Amino acid sequence: MATTGEPAAVPSTGTPAPATTEDATATTGSGRLGPPPWLALVFLLPALLFLGAYMLYPILFSIYRSLWDALGTQFVGVQNYVELFSNPSTFIALRNNVIWVVVAPIVVTIAGLIFAVLTERIRWATAFKVVVFMPMAISFLASGVIFRLVYEQDPERGLANAVITTVQDTFAPSAAYPDARPRPDAPLAEAEGGGFEVEGEVAPGDTVLIPLVGVQSDELPDDAETAVAAEGADGTVTGTVWLDFTRGGGGEEGAIDGSEEGLPGLEVQAVSGGEVAATTLTAPDGTFAFEDLGDGSYTLRLAPANFTEPYNGVTWLGPTLITPAIIGAYLWVWAGFAMVLIAAGLAGIPRDALEAARVDGATEWQVFRRVTVPLLSPVLMVVFVTLMIYVLKIFDLVFIIAPGSVQRDANVLAVEMWRVSFGGGNDQGLGSALAVFLLLLVVPAMIFQIRRFRRENS
Amino acid sequence: MPESTWRGRGALAVAAAGALLATACSPGAGPGGGGGELSGVELLVAAKWTGVEQENFEEVLAAFEQETGATVSYESTGEDTGAYLGPKIEADEPPDIAILPQPGLVQEYAEQGALVPLEGDAATALDENYTDYWRELGSVEGEPYGILLKAAHKSIIWYRPDSFEEAGVEPPATWDDLTGQTATTLSDAGITPFSMCGASGWTLTDWFENVYLSEAGPEKYDQLVAHEIPWTDESVAATLETLAEVWGEEDLLNGGTDGAVQTDFPTCVTDVYGQESAAMVFEADFVAASAQEAGATVGEDALAFPFPAVGEEAPVVVGGDIAVGMSENEGVQELLAYLASPEAQTTWAGLGGYLSANSAVEPEAYSDDFTQQLASTIQEAGDNVRYDLSDQVPSQFGATEGRGMWSILQDFLRDPSDPEAAAEELEAAASDS
């Protein structure tokens, strides 16, 4: 200290002089050496004007406007605020905003923390960070459009469901005839536990016709052939399962007409006394035969496995999942932001603290939990609060991702505010009340943030 | 390619029409009078049209410019005309003429004093060319303000002829045929009959309007528009019940109920003509544009049949854009008179993508058979034509995402088991707005 202090002594001798003159001006009020106070005001004026015109005036005008009716001609007092809190759609918006504020910042901060800590350890950290940060460069609107497609129900369009159904289909392949159903007047009934049962009982020697419809002829398996009526045989139950629909219409219902095709590979069961006595598959022409059935009577059943509906994925854009789904999109966009800030904080952590902990025998998890996170907490707090403020005003993602039919379920205050004032409601009084309400919600987070900055600077 | 030939033909038509106007109409009761009368006058017209629609409209405006010497510029309002005009009116800087997508807005702005009533030639042109119903539609308290400039025919169901052929069905004439015969046969053939556009709430209101108009009749329809009968009237529940015959049958809807509620407007058209995963989609004539984008040729593999009769007569519901004057500047009334004239609308009809409600526009003016047919159904239906209900009620109730009719009908599509409850919700929302 002493050696570094020496050279600094020369300039420091100069400092008391202005200090004394300042004292002098403070007491006498004249003979000041520095610029006069009005000059400061002149320099501040542009900023003040700007703040006044673009911040203060709109806030004050919004408050004023919120006390007037839709047309702005009649003073209604706090009526707009009363309506705001008695309106069910505001209530849904408020509820969703609470979910957003609680869930989104936590999830994003945690994801950012995980990415930041992990990227410290991997070799391609920069490349990884670039990839994670990239969504930040895309506008919210474009991200919304992307995720609207990702969450699409149809697995052929929606990425999320494409992944889920692919995994599902690998473990449980879907049935060949999910849409097939009996011809309406055919003697078939839905069986307990799925599938269809032929009404009445059969005995060896009988022949049955089982007409199904609801399958497009283009979708039949390649080996399907024109259906033929099975020939009866002694001691054997025979029959035909076929697509009882003639392409182009016509054809007699319940009878095998010229061009109608058999349904191959369909599992037919002979049931006796509730037990499956025998199982067989239909041939390419739709015929089947149970040869070694003992005497007695049987019920024929088309096994439920033939008709299992293919798993259609998750209804992301339905009323229940819409908010979590949009929070997922938000995570995709903001994880990079959180990661970069936290990584910067991480770089500032004294290495010796971590080393000391490791020398003392702490496991990696303990180091992370007891040393890294506490040392990072100021940064985490900044990220968290910043996200909270951003989340309160979430608009674009909700507006774009939620289809019209679930807009109400996905509603948040900012969207509600826009909708009420411009998007059909045309009630700028109520809209202003919502804006004021939103402002009040942001204020605590802002105060908290400003205090933090002050404390850090002092 | 086809577009460029269209434009070529359009330019010819405009030139021809322009010449016609210049020679034939200048001395008579034609709009404006002689050429150059309004030279130096600048007018601003705002509408939501973009792309080809905008180009065609500008060609129609160009003929007016040529004739009068005025300069007319066009500004697009974007999809939400109300959101565009609101602040402009507040700032006292409205465009000279605006094309409003809903009569509800005409009423709203007229009450605010933002509109200028039609006068002189413009009022005469409205009287001469439009039926009473259309005149009243653009009037507020007896004062005429608006001209229904561009109509959309909302009573047609689009289908894919090859799927109908495969199932061996014909376009149905009645609702019972549609649900009982056409839809079930298609379904038996393994073809999903309907592609629904449930995520776009306005398509559901169009379903409702068509069934209601046909089932309850035009009189009740008008009463419901004016809210003279409550939505709890049994006719409303009856219509909802009829709708449930389609909406409630998961097998008849593309993607089941979930798919029906989540699919938005142009996607449901692509499902029929692009993916070919359904046979029919119900919406207005403007489906043609989306069908073309999906790769179908309108008139060949994209056809439409009239919305079948539920009650005694098949409904004809028309939507459309209404031109209003918003300033007292010189030339505004002249331009409105020109727009209301059969000359302007005939020119436009020749350009394509346009349907007129003007009784003086001959069906032959349209460039294709399909539009000719649509135009003649509107004229034949005469006094029984009705304007889109949801656009006549306050937009809060009839035209807002996540609110009123849109969301209640979406809920009803999701679960059509209780028509009475839905009717009660509609009544509550209607009295609230």
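Derivation of every value follows stated rules applied to the coordinates shown; laboratory data play no part. The model shown is predicted, which means the values in this text are computed figures rather than measured ones. In this analysis, Cβ positions are derived from the backbone assuming ideal geometry, glycine residues included, and neighbour counts consider all displayed protein chains.
May I ask you to derive the relative contact order of chain A, considering only C-alpha pairs under 8 Å and at least 6 residues apart, and to give it as an integer percent?
Here the relative contact order equals 22 percent.
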Which of these, B:Glu401, B:Glu166, B:Glu283, has the largest mean-square fluctuation under a Gaussian network model of chain B (Cα springs below 10 Å)? B:Glu166
Test of understanding: extend the Cα→C-beta vector of A:Ala305 to 7 Å, then name every residue of the stretch A:233-269 with backbone N under 13 Å from that spot. A:265-269
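How charged is the neighbourhood of B:Glu334? Take every other residue with its Cβ under 9 Å from the Cβ of B:Glu334, and add Lys/Arg as +1 and Asp/Glu as -1. Show your work: numbers first, answer last.
Details: positive: none; negative: B:Glu37, B:Asp121, B:Glu330.
Here the count lands on -3.
Show me the ranking of peptides A:71-80, B:389-398, A:278-287, A:122-131 by mean Cβ neighbours inside 10 Å, starting with the highest. Could you put the intermediate results ahead of the total?
Values: A:71-80: 13.3, B:389-398: 22.7, A:278-287: 18.8, A:122-131: 11.7.
Those peptides, ordered most packed to least, come out B:389-398, A:278-287, A:71-80, A:122-131.
Any chance you could tell me what percent of the C-alpha pair distances in chain A go past 27 Å? Write down the numbers at each step before the final one.
Values: 76690 of 104653 pairs.
When all Cα pairs of chain A are counted, 73 percent exceed 27 Å.
Got the relative contact order for the stretch A:118-196 handy, in percent, Cα pairs under 8 Å and 6 or more residues apart? Present the calculation step by step, with values, prior to reporting the outcome.
Values: 34 pairs, mean separation 8.1, N = 79.
Answer for the stretch A:118-196 is 10 percent.
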Taking Cα centroids, how far is the stretch B:196-219 from the stretch A:106-122 in Å? 52
Is the stretch B:240-330 rounded, prolate or oblate when judged by the Cα gyration tensor, a ≥ b ≥ c being the square roots of its eigenvalues, rounded requiring a/c under 1.5 and prolate requiring a/b larger than b/c? prolate
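State whether the stretch A:51-113 is rounded, prolate or oblate according to the following rule on the C-alpha gyration tensor (a ≥ b ≥ c being the square roots of its eigenvalues): a/c under 1.5 gives rounded; otherwise a/b larger than b/c gives prolate, and the remaining case gives oblate. Walk me through the intermediate numbers first.
Working: a/c = 5.07, a/b = 1.63, b/c = 3.11.
Because a/c hits 1.5 or more and a/b fails to exceed b/c, the stretch A:51-113 counts as oblate.
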Can you give the helix-only mean residue ellipticity at 222 nm for chain A, where every DSSP H stretch with n ≥ 4 adds -39500 (n - 2.57) and the sum goes over all residues, rounded to the nearest 500 deg cm²/dmol? -16000 deg cm²/dmol
I want the local charge near B:Trp231. Using Cβ-Cβ distances under 10 Å, sum +1 for each Lys or Arg and -1 for each Asp or Glu among the other residues. -4
The extension gain from A:Thr126 to A:Phe43, computed as 0.36 nm times the residue separation minus the Cα-Cα distance, is 25.6 nm
At 7 Å along Cα-to-Cβ for each site, give me the label-to-label distance between A:Glu225 and A:Ala344 in nm. 7.5
Shape verdict for the protein assembly as shown, please, from the Cα gyration tensor: rounded (a/c under 1.5), prolate (a/b greater than b/c) or oblate. oblate
What average number of partner chain Cβ atoms lie no more than 10 Å from the Cβ of the residues making up A:395-407? 5
If you find the alpha carbon centre of the stretch A:31-52 and of the stretch A:204-224, how far apart are they in angstrom? 90
Sequence gap at least 6, Cα distance under 8 Å: using those rules, report the relative contact order of the stretch B:227-314 to the nearest whole percent. 16
What FRET efficiency would be calculated for the residue pair A:Ala137, B:Ala173, taking the C-beta separation as r and a Förster radius of 41 Å, to the nearest 0.05? 0.15
Partner shielding of B:179-185, as the mean number of partner chain Cβ atoms within 10 Å, equals 1
